[in-house]
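Inspection log for the structure reproduced underneath, given as structure tokens.
The values are calculated or read from the model by the stated rules, or taken from the named source; none is laboratory data. Here the structure is a predicted model, which means the values were calculated and not measured. Positions of Cβ are backbone-derived with ideal geometry, glycine not excepted, and every protein chain shown enters the neighbour counts. Calculation scope for accessible area: heavy atoms of the full protein, side chains included, ligands and nucleic acids excluded. Shrake-Rupley method; radii C 1.70, N 1.55, O 1.52, S 1.80 Å.
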Amino acid sequence: MDYKRLFFRLNEKLQEHNLTLKIHCIGGFVLEYYGLKATDDIDAFYESSEKIDKLVDEIGTEFGLGTQKEAWLNHAVGQIMSVSADNDELVIIDLSNLTVSISSLEAILIDKVQAGRAKDIPDIAKIMKYLGINRPDKLLKRAVTYNTGESDPAIILEAFSLAYGEEALKNYLRENPELLRLLR
């Protein structure tokens, strides 16, 4: 996805209508930004309005993106669980009428761990490798600092195995047998 072209075009349309917009992107788009995954849409937090939604739809039509049910810029995202909106962001586009920021990879990692979905395990593994998290205990500790409850160790261990191999997981479990009871 050529997000720069999309955001520059959105800025032009915002200028034409004397509007300003701040967008905070999360999810798969952050992974795409770091070259870890491709995505067809951008999940983001921003103040939606009828006019903004119309401009987003116009750009989608212009570039052949999105559908009637789901726009290329999606503000209908679920509740974010981490603190990724709390100053844990990077501004990637700063134009006259549009500012676009992304959550940190660590915040996305924590969100995916907390979501506990099997479909997120490959993403968790890619982020672990990218961030150099080469032991599950580091991730478990990070997850707990962002979380009121406990992260599912099975999700973390499966992602670790995917990132570093089954032998690495076996060695880790030999060193930390107390985790075996958590997996039963």
Just checking, does the stretch 25-33 include any residue being farther than 30 Å from Ile124 by Cβ and not aromatic (Phe, Trp, Tyr)? no
Can you spot a residue in the stretch 152-160 that is assigned to a helix (DSSP H, G or I), modelled with pLDDT of 95 or more and open to solvent by 40 Å² or more (accessible area, probe 1.4 Å)? no
Qualifying positions in the stretch 3-35 - over 11 Å from the mean Cα position of the chain (by Cα), surrounded by fewer than 18 Cβ atoms within 10 Å (Cβ to Cβ) and in contact (Cβ under 8 Å) with a residue 60 or more places away in the chain: Lys4, Phe8, Gln15, Leu19, Thr20, Lys22
Could you check the stretch 14-26 and list, in sequence order, the residues that are of a type in the set (D, E, K, R) and within 12 Å of Ser96 (Cβ to Cβ)? Glu16
Lys69 passes all but one of the listed conditions (1) modelled with pLDDT under 90; (2) surrounded by 13 or more Cβ atoms within 10 Å (Cβ to Cβ); the exception is number (2)
Looking at (1) surrounded by 14 or more Cβ atoms within 10 Å (Cβ to Cβ); (2) at pLDDT 95 or above; (3) among the β-branched types (Val, Ile, Thr), can you tell me which one Thr39 breaks? (2)
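Within the stretch 72-94, restricting attention to residues that are of a type in the set (A, V, I, L, M, F, W, C) and at pLDDT below 75, which residue is farthest from Asp40 (Cα to Cα)? Spell out how you get there, then give the answer.
Initial filter on the stretch 72-94 (of a type in the set (A, V, I, L, M, F, W, C)): 72-73, 76-77, 80-81, 83, 85, 90-93.
In the following step, the residues that additionally are at pLDDT below 75 were identified as 76-77, 80-81, 83, 85.
Numbers: Ala76: 15, Val77: 15, Ile80: 20, Met81: 23, Val83: 25, Ala85: 22 Å.
Ranking the qualifying residues of the stretch 72-94, first place goes to Val83.
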Any hit, the stretch 105-118, residues being surrounded by 15 or more Cβ atoms within 10 Å (Cβ to Cβ), under 26 Å from Phe8 (Cα atoms) and at pLDDT 95 or above: no
